[in-house]
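Accompanying notes for the structure given below.
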Amino acid sequence: MHEEYDTLMRNNTWCLVSRPGGANVVIGKWIFRHKFHPDGSLARYKARWVLRGFTQQAGVDYGETFRPVVKPTTIRTVLSIAAGKSWPIHQLDVKNAFLHSHLAETVYCHQPSGFIDSAQSSHVCRLNRSLYGLKQAPCAWFSRFTTYLRTLGFTASCSDSSLFILHRSPHLAYLLLYVDDIILTADSSAFLEGIIQSLRREFAMTDLDALHHFLGINVTSTTAGLFLSQEQYALEILDRAGMLNCKAISTPVDTLAKLSGDSGPLFHDPSLYRSLARALQYLTLTRPDLSYVVQQCCLFMHAPRESHFQLVKRIMRYVRGTTHMGLQIHGFAASELAAYSDANWAGCPDTHKSTSGFYVFLGSNLLTWSSKRQNTVSRSSAEAEYRAVANAVTEAAWL
């Protein structure tokens with residue numbers, strides 16, 4: 001807590017003022033977290049003073065809140081290009097990222113509990129910089145960071161506004177931004193190091209060296225390229241479901257049975273069902289084999305039934321036996337996209353809607369995949385297939 005408070009003071013995050021009459025004063029709280037290594041072992045303890053954004057008032061102390069985040073497909077695409085060209089890939093972490101951004105609005109908050117100035121105990125903090133928990137904090141940070149990137153010569157991609165490209169002939173670099181986590185790759189180590197030094201002059205930043213753990217995904221460099229895995233995350237899901245020691249099964253779903261929205265009694269704990277379904281959704285970032293069955297589970301989030309939870313348990317048993325599986329990105333250059341699509345005509349027993357699915361490859365590297373129920377009823381299998389092809393072509397054109 002002392003380290004966090006000292007950081008806030010060094011950054012001149014706020015100044016103490018008398019409480020203005022009628023002003024909205026945002027409350028805050030201390031958040032304590034355990035930071036873990038990729039293998040699950042404890043790395044350090046973390047304390048953070050966080051404001052409760054739900055006490056803010058729209059139009060009074062916050063305005064615009066939207067900020068983009070990089071798409072998982074973009075991450076896999078850039079990694080595929082970098083691996084194919086044997087470029088160095090570094091991971092960067094910005095320390096207290098939100099403290100680097102300035103606020104356009106006037107925001108007041110209470111002094112941190114445990115660190116109230118005894119001489120000015122009735123005063124409040126008028127923020128000079130953004131703090132975690134504010135509704136506009138991510139937006140302010142994104143604006144601050146991207147503004148500086150443009151001064152270095154980076155341009156935002158038209159296809160993904162969180163992908164930044166620096167072309168300084170003959171060199172080329174790509175930067176991916178997900179809040180305060182950064183992936184940076186360039187065609188030479190010297191060019192890469194020069195960009196990192198430029199960023200360090202503006203922000204308190206740690207170079208974590210070669211990419212190894214990003215957004216809960218382990219990245220292992222092998223002779224074949226890069227291997228993306230969420231093994232530790234899969235074990236955490238199994239532990240949350242109480243199925244860490246369950247008996248494994250070889251397939252995630254019964255291909256013959258079709259789940260209905262009103263089959264069987266309602267499940268007694270819908271919150272647990274939704275929590276596990278959302279967790280499995282994130283697991284599909286590196287597990288395309290789970291896409292279809294997880295999509296089926298998510299169709300019944302509003303009113304899960306016992307039969308639906310049995311499907312979730314079957315997925316868990318499949319995950320238990322395949323925690324080692326992941327996504328392989330091969331390390332050889334390729335420039336041709338290949339897309340494959342399919343459709344399950346009238347597969348939904350309730351609405352008779354079809355399910356579209358597609359995969360898109362760059363060479364032999366799988367970049368993106370999808371399994372999604374179609375919005376309208378197809379009157380023939382050909383119509384369902386054409387809708388699936390349209391989805392695949394749209395994704396391929398975007399790529």
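The values are calculated or read from the model by the stated rules, or taken from the named source; none is laboratory data. As the structure is a prediction and not an experimental result, all values here were calculated from the model. Note that we place each Cβ from the backbone using ideal geometry, even for glycine, and neighbour counts take in every protein chain shown. For the accessible areas, the whole protein counts, side chains as well, though only heavy atoms, and no ligand, DNA or RNA atoms are used. Shrake-Rupley method; radii C 1.70, N 1.55, O 1.52, S 1.80 Å.
Just one of (1) farther than 30 Å from residue 182 by Cα; (2) among the hydrophobic types (A, V, I, L, M, F, W, C); (3) open to solvent by less than 60 Å² (accessible area, probe 1.4 Å); (4) at pLDDT below 90 fails for residue 256. It is (3).
Do we find a residue being without any contact (Cβ under 8 Å) to a residue 60 or more places away in the chain and either of a type in the set (A, V, I, L, M) or open to solvent by 50 Å² or more (accessible area, probe 1.4 Å) (or both) anywhere in the range 119-126? Yes - at least one qualifying residue is present in the range 119-126. What number of residues in the range 83-125 are closer than 15 Å to residue 14 by Cα, of a type outside the set (Gly, Ala, Ser) and touching a Phe, Trp or Tyr at 6+ places or on another chain (Cβ under 8 Å)? Selection size over the range 83-125: 9.
Selection over the range 266-288 of residues that are touching a Leu at 6+ places or on another chain (Cβ under 8 Å) and either in a helix (DSSP H, G or I) or exposed (fewer than 13 other Cβ atoms within 10 Å of the Cβ) (or both) gives a count of 3. One residue alone among 342, 350 is charged (D, E, K, R), part of a strand (DSSP E or B) and surrounded by fewer than 20 Cβ atoms within 10 Å (Cβ to Cβ), and that residue is 342. In the set 32, 98, only one residue is modelled with pLDDT of 95 or more, within 22 Å of residue 137 (Cα to Cα) and of a type in the set (Phe, Trp, Tyr); that residue is 32. Of note, residue 149 does not satisfy the criterion of being touching a residue at least 60 places away in the same chain (Cβ under 8 Å) and open to solvent by less than 30 Å² (accessible area, probe 1.4 Å).
Selection of the range 367-399 for residues being buried (at least 18 other Cβ atoms within 10 Å of the Cβ) and outside any helix (DSSP H, G or I) yields 367, 368, 369, 370, 371, 374, 378. Scanning the range 32-47 for residues that are touching a Leu at 6+ places or on another chain (Cβ under 9 Å), over 14 Å from residue 218 (Cα atoms) and either without any contact (Cβ under 8 Å) to a residue 12 or more places away in the chain or part of a loop (DSSP other than H, G, I, E, B) (or both) yields a count of 1.
Look at (1) surrounded by fewer than 17 Cβ atoms within 10 Å (Cβ to Cβ); (2) farther than 30 Å from residue 374 by Cβ and you find that residue 263 fails only one, number (2).
The range 101-183 holds strands (runs of 3 or more DSSP E) entirely within its bounds, and those carrying 1 or more residues that are more than 23 Å from residue 193 (Cα to Cα) map to 124-127.
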